[in-house]
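Engineer: Please see the structure below; I have some questions.
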Amino acid sequence: MVERMERTMPTTAVRDAASSRRFQPGQAVVGRVERVEETETGERAALVRAGGQLVRARLEAPLAVGRLYLFEIHERQGTMYWKAIPLSEPALAPSGEEAVRRWQKAWKLPDAALPVLRQALKAGAAATKEEIAALTEAVKETGQPDAAEDVLAHLFRRRLPFSSAVFRALWAAKTGVPLAEGLGKLKAAMAALSAHPAALELIRAMEKFLSPPLSAYETAVRLLLLREEEAETARALLARLGLVPLPEDRRLALREAVQCRRFADIIRQLGLTDEEAFLERWTALDAAYQSGALPAAEAKLWAAARATRDPALSLFCWLRRAAVRLGLEDEAALVRVGTIEDLPSAPSLKRLLFRFLHESGGSEGAKRAAEAILDQLDGMAIAAGGDGPIEHVWISFPLPLGGRSSDFAVCWQGRRKQGGPLDADYNRIVCCLTLEELGEVIVDMRVQRRIVHISIFHDDPRLAVAAARMAPLVKERFQAHGYALSGIDVKTARSAPPPPSVFLFADSCSEVDCQA
């Protein structure tokens, strides 16, 4: 009798055996009966589309083909049973909202659960009633149920753990203040705590994030490429930096890499084994120059080498290590080494924030600011996915340019190759940067079959002239990496895509035939 509100059926087989691990006792999933068939033994079975999988189930009572059911999964004597509660009337295809309301009624949930159920239904998620209830409470805390649906959709679509902690981290990453601003607030709140060891270490780390030596690498390169008559003084400065003059073959290779702006090759030629130590030496040497402690010849040469208005190499190095500096890869590293003490890198911002919260007696304001930053870092790490090094699905971090720091945000969308690595031939990258003179600038880069098109969104007419002037150089640099540039255009700000923190939660890729 298909009119009965409950049906029970043991699952006997799954088309994809590995996918059966998705369905566990205590979960529930919405599924549609696609076919009813008879087995060789004369028993009735059904193919049910549930949670993105096609499940073959033996029936104890008939179910209607094409009808939508809420299946609650139970285990009895080693056999998995799916108890079916109809979500649609016979021969009537329900709207999504009607099915959501029937699911809510079946589980006796409040109206606040509707956004959660709506997105779970859309994604075909297998969730427990307890998970739905916890997510409902987390959504209520935001006070913005409509905006929270984008985060819920991302959580269910990516099959992330259906926990309130994951939701809160993603919500903080989407809606939190820029990290540069958050670090500034934390720094101000910690002004009176500098005597505490954990607070002092954290303050020093924040200084590095907010004001790194952006001409460090350029200065080292200039010293290594100086003329012979300046070599003696340059050798003294290089020794202070922990570097030695290069043999002629490497010096020529370094010069060529600089001329072609091959930044990765430049770093290889520098041969830095400990970049943190190099940056500390650079800072100490620059402080000696500023205080007048350097000999006159060294001070004169240092001033000349340091005078640069092209910090591209240093910015490249800063970007390259941003995820590690923030601590977005800490959890993956912990899986490999076992304990925080065994982590090979210098303490990340994330680790120092944890230490500050657990070891200091800081003010409530400082603790709240630290926890807010940790939530955002957790959200970025979760959004990146996987359990290995960050593959840069979305990252946002303070970038010091000019007289102040603002966040540089990057969101990658595309597809992954078999085995997980990102496909560099098909993707879309949206960047957002706030500059002192121009304000917010959004750049949208689309890649299809290694053909690149770049759109810049801003209302300043000078950008179109600058883009046209730079296009030949950009085209040349893409060609060096095996890409073809189809064009660069400048569009009005009102036609821009959402900034990366919002763009991340888009339903699907646009103009890239895949999903992140």
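Engineer: In the calculated pair distance distribution of the range 108-253, what percentage of Cα-Cα distances lie above 26 Å? List each step's numbers first, then the result.
Structural biologist: Values: 6169 of 10585 pairs.
Pairs farther apart than 26 Å: 58 percent.
Engineer: For the charge dipole of the range 171-264, defined by +1 on Lys and Arg C-beta atoms and -1 on Asp and Glu C-beta atoms about the Cα centroid, which residue among Ala192, Thr219, Val258 has the Cα displaced farthest towards the positive pole?
Structural biologist: Of Ala192, Thr219, Val258, it is Ala192.
Engineer: Can you find, among Ser495, Leu473, Val447, the residue farthest towards the positive end of the dipole of the range 433-503? Put +1 on the C-beta of Lys and Arg, -1 on that of Asp and Glu.
Structural biologist: The residue sitting farthest along the positive end of the dipole is Val447.
Engineer: Here is a follow-up. Give me the number: length gained by fully extending Glu137 to Arg159, i.e. 0.36 nm times residue separation minus the C-alpha to C-alpha distance, one decimal in nm. Kindly include the intermediate steps, with their values, before the conclusion.
Structural biologist: Numbers: separation 22, 0.36 × 22 = 7.92 nm, distance 1.95 nm.
Length difference between fully extended and current span is 6.0 nm.
Engineer: Using 1/(1 + (r/R0)^6) with R0 = 30 angstrom and r between the beta carbons of Gln24 and Arg320, what's the FRET efficiency to the nearest 0.05?
Structural biologist: Values: r = 41 Å, r/R0 = 1.36.
Taking R0 as 30 Å, the efficiency between Gln24 and Arg320 is 0.15.
Engineer: First compute the accessible area of the range 178-248 with a 1.4 Å probe, then give the percent of it belonging to carbon and sulfur atoms. Could the numbers behind the result be given before it?
Structural biologist: Details: 1960 of 3370 Å².
Carbon and sulfur atoms account for 58 percent of the accessible area of the range 178-248.
Engineer: How many nm separate the modelled label positions at Ala480 and Lys129, each set 7 Å beyond the Cα in the direction of the Cβ?
Structural biologist: That separation, rounded to one decimal, is 6.3 nm.
Engineer: Quick one: if the Förster radius is 22 Å, what FRET efficiency do Val244 and Ala304 give, using the C-beta to C-beta distance and rounding to 0.05?
Structural biologist: Working: r = 20 Å, r/R0 = 0.93.
Rounded to the nearest 0.05, the efficiency is 0.60.
Engineer: Can you spot the lysines whose alpha carbon is less than 28 Å from Lys300's alpha carbon? Ignore those fewer than 8 places along the same chain.
Structural biologist: Output for Lys300: Lys208.
Engineer: Within 14 Å, Cβ to Cβ, of Ile442, how many net charges do the neighbouring residues add up to if Lys/Arg are +1 and Asp/Glu are -1?
Structural biologist: Working: positive: Arg428, Arg446, Lys491, Arg494; negative: Asp407, Glu440, Asp444, Asp459, Asp460, Asp489.
Counting the neighbours of Ile442, the net charge comes to -2.
Engineer: Using a 1.4 angstrom probe, figure out how much accessible area the range 152-263 has per residue, in square angstrom, rounded to the nearest whole. Could you put the intermediate results ahead of the total?
Structural biologist: Details: 5320 Å² over 112 residues.
On a per-residue basis, 47 Å².
Engineer: Taking 25 Å as R0, compute the FRET efficiency from the Cβ-Cβ separation of Leu401 and Val177 and round it to 0.05.
Structural biologist: 0.85
Engineer: Something else now. Given the pairs Lys83/Lys140; Lys140/Lys350; Lys187/Lys367; Lys174/Lys417; Lys140/Lys367; Lys108/Lys174, which span a C-alpha to C-alpha distance of over 20 angstrom in this model?
Structural biologist: Details: Lys83/Lys140 30 Å; Lys140/Lys350 28 Å; Lys187/Lys367 11 Å; Lys174/Lys417 27 Å; Lys140/Lys367 23 Å; Lys108/Lys174 31 Å.
Violating the 20 Å limit, Cα to Cα: Lys83/Lys140; Lys140/Lys350; Lys174/Lys417; Lys140/Lys367; Lys108/Lys174.
The values are calculated or read from the model by the stated rules, or taken from the named source; none is laboratory data. Keep in mind that this is a model prediction, so the values were computed, not measured. Positions of Cβ are backbone-derived with ideal geometry, glycine not excepted, and every protein chain shown enters the neighbour counts. Just so you know, the surface numbers come from the protein's heavy atoms only, side chains and all, with ligands and any DNA or RNA stripped out. Shrake-Rupley method; radii C 1.70, N 1.55, O 1.52, S 1.80 Å.
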